[in-house]
Amino acid sequence: MNHLAHLFLAPDSPEARVGSILGDFAQGIDLAKLPDEVHRGVRHHLRVDAYTDQHTEVRASKRCFSPMRRRFAGIALDVLYDHFLLRHWQCFSEDDPDSFIARVYRELESHGEVMPASMRAVTERMVRQDWFGAYRDLDRIGYALDRISERIRFPNRFSGVIEEIKANETELESRFLIFFPELQRIAGEFE
């Protein structure tokens, strides 16, 4: 899962939501030193990722990608799932998506003290550039994925993956709509 989905699925507290993103930045951090709710969010993040990686619909979705891009299919799906979550928000929440996004941006801005420097830098850009608002547009998803391809430390063919997403969008979206409600239900049971 990518950032928006983790925030959406996290336990309902600002600290746990911050921890749900911290899960991507936790390497080298002494988790025992984190406040309990932040640590709870990190644990939640890890369980969501483990469940996602094993789900049959996610595995089937990865097979939609060409062999040259399949290695990075999980990354592409993570970002794409934020787009699908926004597209189908009303299926998963009674809350207004814009209000939710504004609230989590405020929470991220006000909890910088528990973030490692790398996470602070990312969340500052996330808020300033309104990443989640941009994720409503599929072409902006393509832009985000191309930026990720530039940060991969070895030669790759990940750039342009949006074309494969567009070619398989109907199937990918259908599989998301089977997978995500199951994840939402299970994530509510995670500690």
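The table below lists the values:
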read-out: Cα-derived Rg over Rh, computed across region 4-98 with Rh taken as Kirkwood radius; value: 1.02
read-out: Where the Cα pairs of region 103-147 fall when distances are cut into 5 Å bins, in %; value: 5, 21, 27, 21, 14, 10, 2
read-out: Over the chain: helical MRE at 222 nm, DSSP H runs n ≥ 4 each giving -39500 (n - 2.57), nearest 500; value: -21000 deg cm²/dmol
read-out: Convex hull per residue volume in Å³, alpha carbons only, for the chain; value: 115 Å³
read-out: Distance from region 1-35 to region 96-120 (C-alpha centre basis), Å; value: 11 Å
read-out: Angle in degrees between helix 169-187 and the longest Cα principal axis of the chain, rounded to the nearest 10; value: 30 degrees
read-out: Computed log₁₀ I(q)/I(0) - Debye formula, equal Cα scatterers, no solvent, region 91-191, q 0.20, 0.23 Å⁻¹; value: -1.30, -1.25
read-out: Average Cα contact separation per residue, the chain, under 8 Å, 6 or more apart, as relative contact order %; value: 29 percent
read-out: Sequence-separation-based contact order of region 90-187, relative, with Cα cut under 8 Å and 6+ spacing, percent; value: 18 percent
read-out: Shape category assigned to region 23-77 from the gyration tensor of Cα positions, a/c cut at 1.5; value: prolate
read-out: Helix 73-87 axis, angle to the chain major axis (alpha carbon atoms, nearest 10°); value: 80 degrees
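Rule-based calculations on the coordinates, nothing more; no lab input. Note that the coordinates shown come from a computational prediction; the quantities given were computed from them, not determined experimentally.
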